[in-house]
Structure formats: structure tokens, C-alpha cells
1. So which of 189, 199 ends up being part of a loop (DSSP other than H, G, I, E, B) and more than 28 Å from residue 275 (Cα to Cα)?
2. Name, by its number, the condition in (1) within 17 Å of residue 247 (Cβ to Cβ); (2) in contact with a Cys (Cβ under 7 Å, 6 or more places away or on another chain) that does not hold for residue 57.
3. Can you list the strands (runs of 3 or more DSSP E) found entirely within segment 7-82 that contain at least 3 residues being under 25 Å from residue 139 (Cβ atoms)?
4. Please enumerate the residues belonging to segment 115-142 that are open to solvent by less than 10 Å² (accessible area, probe 1.4 Å) and either more than 19 Å from residue 57 (Cβ to Cβ) or of a type in the set (Ser, Thr, Tyr) (or both).
5. If I filter segment 236-258 down to residues being modelled with pLDDT of 95 or more and in a loop (DSSP other than H, G, I, E, B), which single residue comes out as nearest to the chain's Cα centre (by Cα)?
6. Starting from residues that are under 20 Å from residue 18 (Cα atoms) and among the β-branched types (Val, Ile, Thr), keep the ones in segment 157-199 and report whichever is most open to solvent (accessible area, probe 1.4 Å).
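The values are calculated or read from the model by the stated rules, or taken from the named source; none is laboratory data. In this text the structure is predicted, and so the values were computed from the model without any measurement. Note: ideal-geometry Cβ built from the backbone for every residue, glycine included; neighbour counts use all protein chains shown. We work out accessible area using only protein heavy atoms, side chains counted, and drop any ligands, DNA or RNA first. Shrake-Rupley method; radii C 1.70, N 1.55, O 1.52, S 1.80 Å.
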Amino acid sequence: MILKKEKLGSLLDMLAGTATVLVPTAFNAEGGSEGGEKATGFLPYQAGSAVDLGTVKTTRSPKDALLPQTETLYSYEQRGEDVTLTETVNNTNQILFGVRSCDAYSIACLDEVFLTRTFVDTLYYERRLGTLIVGLGCTATERSCFCTSFELDPAVAPGVDIQLTDAGDGYFAEALTTKGTEALDAWKPFLTEGTKPTPAELEFTFKLDTAKLGEQLKTMFEDPYWQDLSMKCLGCGTCAFVCPSCYCFDMSQNNKGSEGYRFRTWDSCTFVDYSMMAGFHNPRPTKMKRLRNRFMHKLCFYQERYGNSLCCGCGRCIELCPVGIDISRVIEDVERVVAHD
């Protein structure tokens, strides 16, 4: 079935009446000042919103729709000897519309962390359960894109409920899950008959060999390469905050007399306080060890536990690192360093 582009706004108007619809939208990255630098992210749709489905990838990923940058875990109140705990309850009903393959893959990585291996994170589970994901196949690439290096298909987003494929004057809509089939039934007034187009053949600036990457990294844990790389790292955490699959977080509390709340916020393993333990012991006290851990976790440790890489090849960290640390070059360097040794 085909969703004509001229009917996109009408469809989104209908969906926004039933759920929070998050769509790629341009926003001012400088706090609303006139003439500030523009960025894109998944923002709530409102009638008349300027939807940007042409951007290859948004500046901000849709990660915070499932793992908010800051969220309250529970609140507490003490009255005499009695303490009352109130857990946060999510009644999420949202649609992520226009998710690219790299970001969909990253959501699948978050699912592994928060929904498997003996522990289910309740807040994440409730958001995930109440989220419909509509994927959008890519018709172009950017210089920093390298998703195919991790065997991703830019035309089909993994794990989405509905896949959209650009068909010129419309989008071919295909349900990939039971949830997607039910949702697509409600779209019928906006759809016309049509056939699925052949996905565009995309050209990527580079294709990296990642088949043996995890094993190669194990052999260079103590290599001086990491010290050299860390010399220019600022430890600012930009790479973690723009990454769609990083999930490090910190927990703290806000106390106000006899009541307060506990909350969690995004964190980064490149921050010195992240690995700080009781008694101020830090197993990763140097910038070199923290930066090494970031790359080892993304490309080796996560794979050992879950069977796939934590990097999706979106290239956001490449574009936004203020000192030009490039994960694609690190991957290339690993093969060179191992071969030299």
C-alpha cells in the first residue's frame, strides 16, 4: 500500500489524536535564540509541524523516547517512623515515525540491555511496550555513514513495526509485526494500492572489515595506541550523548526535608566519576583507560555478551566530536596495529 506524500500531514494529524507522535523535526540548537544553529531530532508532532523526513539522520537520535535523559525512578515521603515509596508509572502511548535503520538497530541493542538477561527495567519496558516504531528506508547517505560495515540494511530497519520505502510521490508501507499490522489497518483511509519499489542503491564512503574486530581488540588491550589516542580526548562525553546506543546512566536523589525523589540521568564512561567506587577507588583513573573502555565496550565487550556490536555506524560521534576522534579510523587502526604486532 502507498501513502501519498500529500496525505502525510493528514495521517499524522489523525495519529496525533490517538498518541504522541515523534517525528524528525528541525529545532534551534542554541536555546531558541534567533538565527541560531539548526539541528534535528524526534519532537512531538503538532498540526502544521514541519516534518523533515529528508534528513539522512537526525542530529539527536530517538533514544530519549525510550531512555529519557533524566527520569524519576520513585519518590519518597517520611511521616514519623513511616516511609512511603511511590514508584513512577509510565502510561506511554507513542509513535516513533521515520526511524532509520541505524537507530532501529540501536533500539534493539537497548532492548537487550534493559529487557533480557534476568532483569527487566520496568520503566524502559513500559515505554517500549507502548511504542510503535515506523521505519524509513534511506535513499541517500552522508560521508560519516558506515552502517553496512555492521551488516545493516539501510533499506529495512530491524525490529520496526511498519517499514516505509520511498516511492517517489509516496511511501510504500509494509507491516512487519502484529502491532504494525493492526496500526496499518487504521491507516487505510490514507493509503492507495501500489507495489513496493526497488530500494535505492546507495554508495558509502567506506566499508570497514569488522568480522574479527572483537578478537583483534582483545589482543591490544595494553597497546600504547590507546595512550596516543587519549591525548586529544577532552572527556566531554559528546560521543556518548549523541550515540543512539550508549546507555550508561547515573542515579542520584533530590531531598527536600522529609520527602524527595530518586532519579537517573545519562552518563558516560569517559567521565572520571562514572567508575568511582566507595572509598574513592577508581578502577579507571586515567583518561586513557576510560577512552579505551569506551571503544572496547562498543566493539568487543557488548558483542561478547549479546552477540553483536554496540556501534550502528550512524557516524554522529564522528561528526560532533570537538577534537575529531573518529571511531571508523579506530576500527581501521585496530587491524593495522594488530598486523604490526
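1. 199
2. (1)
3. Per the criteria, 20-28, 38-44.
4. 124, 131
5. By that ranking, first place goes to 244.
6. Per the criteria, the residue is 178.
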